[in-house]
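Contents: one structure, followed by commentary.
The values are calculated or read from the model by the stated rules, or taken from the named source; none is laboratory data. Just so you know, these numbers come straight off a predicted model, no measurement behind them. Positions of Cβ are generated from backbone atoms using ideal geometry, with glycine treated the same way; all protein chains shown enter the neighbour counts.
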Amino acid sequence: MKLHCEVEVVSRHLPALGFRNRGKSVRAVLSLCQHTPRSPPRPWAGDSRAGPHTACLLISTLKDKRGTRYEQLKKNIEQFFTKFIDEGKVTIRLKEPPVDICVSKAISSSLRSFLSAVRLAHRGCDIQAPLSPPTPVKTSEFDKFKTKMIITSKKDYPVSKNFPYYLEHLQTSYCGLVRVDMRIFCLKNLKKLDLSHNHIKKLPPAIGDLIHLQELNLNDNHLESFSVALCQSTLQKSLRSLDLSKNKIKALPVQFCQLQELTDLNLDDNELIRFPFKIGQLTNLRFLSAARNKLPFLPSEFKNLSLEYLDLFGNTFEQPKVLPVIMLQTPLTLLESSARTILYNRIPYGSHIIPFHLCQDLDTAKTCVCGRFCLSCFIQGTTTMNLHSVAHTVVLVDNMGGTEAPVISYFCSLSCYVSSCDMLK
């Protein structure tokens, strides 16, 4: 019986001798083996189970494949510390020698099974699983501990075996993938996933279950959208870098702005016709590139960004319109008035309270320059902004050396429009 994990062996004698433990765990294979001593041990009084075959614990590392053996487990475990077993951590305290075997980064289900067998060995009970004699661990056993795997050709892509469980960085580029491999979703430690240069058309919601994912590279695929489910997943708290360049995306959902930990966003070479109009909510965004798209203008909340680098070269920006679009209605409809009240007072809402289509209306409400909100009753005006006002480094918008772009602004009332009319030309 084997357990793949990290192990740190702490001697309880060291503090008494004035030494400190180095406190460094190493990748190891923890084995529960059958040990046959040279001479049978004398049975304990009243112990009918004692015999020539006893269980021992073997800790093998890449540097020491033969391993360190703790030969006697029966009645030799002082205590089990299992408070963090769901996190793959446990400590086994032996009486002789006086050491603590600290286990971490184990698969919790495997750890529970292994610990149950160790308990049986401690009690002197029969263990259901057959135990093999201690043998040196093969180097291939430690392949399961790999944290980085890079595959750049279809012939190297694993078909008959799983990805190493402990992977933190996985790249599968130029592999001809048309969908995301479902085995990837078992890699709970994954921090960086690179699926660039494939033929992926759709992203499954399960990507949102990778709770530690910080970097996602989907450059050069066939994506046409980025789903709302991903925007509302655990990626909200983990995702820092997202590369969606060289795809076929025309628009991102308004919920995309819930990915508020994003610092790097690349949208080059898509078919974008608009940014999410609440893009100003991405307060941590520092690097934004959306070159060679079809953006006619920027949303008003674009002014709220604080970037270090911005590239909007090669978009089809339109000239600001002189006349505003007026969609005012007096008096306000009940829907408009209620929506404004809910949003202004930050009243919680959801599909369990109001109909789903009303939630969508509230999610897509426009923000007036005064900070209030409007649904379908507003004045729309266009002005220009110098992109240096939101970014330290700006790539020229066109070959003429310009750094200005048109911005759409919304006004919730005629008074707001009049007080801000000097913005519009």
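Applying the criterion of being surrounded by 20 or more Cβ atoms within 10 Å (Cβ to Cβ) and not small (Gly, Ala, Ser) to the residues of the range 378-389, the residue that is nearest to Ile326 (Cα to Cα) is Ile379.
Taking Thr283 as the residue in question, decide whether it is assigned to a helix (DSSP H, G or I), surrounded by fewer than 18 Cβ atoms within 10 Å (Cβ to Cβ) and of a type in the set (S, T, N, Q). Criteria not met by Thr283.
The set of residues in the range 149-170 that are outside any loop (DSSP other than H, G, I, E, B) and either surrounded by 16 or more Cβ atoms within 10 Å (Cβ to Cβ) or not assigned by TED's automatic domain parsing to the domain that holds Phe185 (or both) comprises Met149, Ile151, His169, Leu170. Please determine whether any residue of the range 330-349 is of a type in the set (Phe, Trp, Tyr), assigned by TED's automatic domain parsing to the domain that holds Cys374 and in contact with a helix residue (DSSP H, G or I) (Cβ under 9 Å, 6 or more places away or on another chain). Among the residues of the range 330-349, at least one is of a type in the set (Phe, Trp, Tyr), assigned by TED's automatic domain parsing to the domain that holds Cys374 and in contact with a helix residue (DSSP H, G or I) (Cβ under 9 Å, 6 or more places away or on another chain), which makes the answer yes. Once the range 118-148 is narrowed to residues that are assigned to a loop (DSSP other than H, G, I, E, B) and among the aliphatic types (A, V, I, L, M), the residue that is surrounded by the fewest Cβ atoms within 10 Å (Cβ to Cβ) is Ala129.
For Ser233, the criteria (1) in contact with a Lys or Arg (Cβ under 7 Å, 6 or more places away or on another chain); (2) among the small types (Gly, Ala, Ser); (3) buried (at least 21 other Cβ atoms within 10 Å of the Cβ) hold in every case but one, which is (1). Note on the range 182-200: residues that are at pLDDT 95 or above and surrounded by fewer than 16 Cβ atoms within 10 Å (Cβ to Cβ) amount to 1. Residue by residue through the range 286-305, note down the ones that are in a loop (DSSP other than H, G, I, E, B) and either in contact with a helix residue (DSSP H, G or I) (Cβ under 8 Å, 6 or more places away or on another chain) or buried (at least 17 other Cβ atoms within 10 Å of the Cβ) (or both). Correct list: Arg286, Ala290, Ala291, Arg292, Asn293, Leu295, Phe297, Pro299, Leu305. In contact with a helix residue (DSSP H, G or I) (Cβ under 7 Å, 6 or more places away or on another chain), of a type outside the set (D, E, K, R) and either in contact (Cβ under 8 Å) with a residue 24 or more places away in the chain or in a loop (DSSP other than H, G, I, E, B) (or both): does that describe Gly314? So Gly314 fails the test.
When Thr341, Thr367 are screened for being touching a Cys at 6+ places or on another chain (Cβ under 9 Å) and either modelled with pLDDT of 85 or more or crowded, with 19+ Cβ neighbours inside 10 Å (or both), only Thr367 passes.
So which residues in the range 236-259 are over 24 Å from Cys374 (Cβ atoms) and either part of a loop (DSSP other than H, G, I, E, B) or in contact with a Lys or Arg (Cβ under 7 Å, 6 or more places away or on another chain) (or both)? Of everything in the range 236-259, those that are over 24 Å from Cys374 (Cβ atoms) and either part of a loop (DSSP other than H, G, I, E, B) or in contact with a Lys or Arg (Cβ under 7 Å, 6 or more places away or on another chain) (or both) turn out to be Leu239, Arg240, Leu244, Ser245, Lys246, Asn247, Lys248, Ile249, Lys250, Leu259.
Residues in the range 284-296 include at least one that is among the basic types (Lys, Arg), out of contact with any Ser or Thr (no Cβ under 8 Å at 6 or more places or on another chain) and not assigned by TED's automatic domain parsing to the domain that holds Lys366. Step by step: first the residues of the range 335-383, then only those that are assigned to a loop (DSSP other than H, G, I, E, B) and either touching a residue at least 60 places away in the same chain (Cβ under 8 Å) or aliphatic (A, V, I, L, M) (or both), then the one that is farthest from Gln232 (Cα to Cα). Which residue is that? Here the answer is Val369.
Determine which member of the set Thr364, Thr341 is among the polar types (S, T, N, Q) and under 30 Å from Glu308 (Cβ atoms). So the residue among Thr364, Thr341 that is among the polar types (S, T, N, Q) and under 30 Å from Glu308 (Cβ atoms) is Thr364. For the range 73-101, the set of residues classified as assigned to a loop (DSSP other than H, G, I, E, B) and of a type outside the set (Val, Ile, Thr) consists of Leu73, Lys74, Lys75, Asn76, Lys83, Phe84, Gly88, Lys89, Lys95, Glu96, Pro97, Pro98, listed by residue number.
Going by the structure shown, is Leu262 without any contact (Cβ under 8 Å) to a residue 40 or more places away in the chain and in a loop (DSSP other than H, G, I, E, B)? Answer is yes for this residue.
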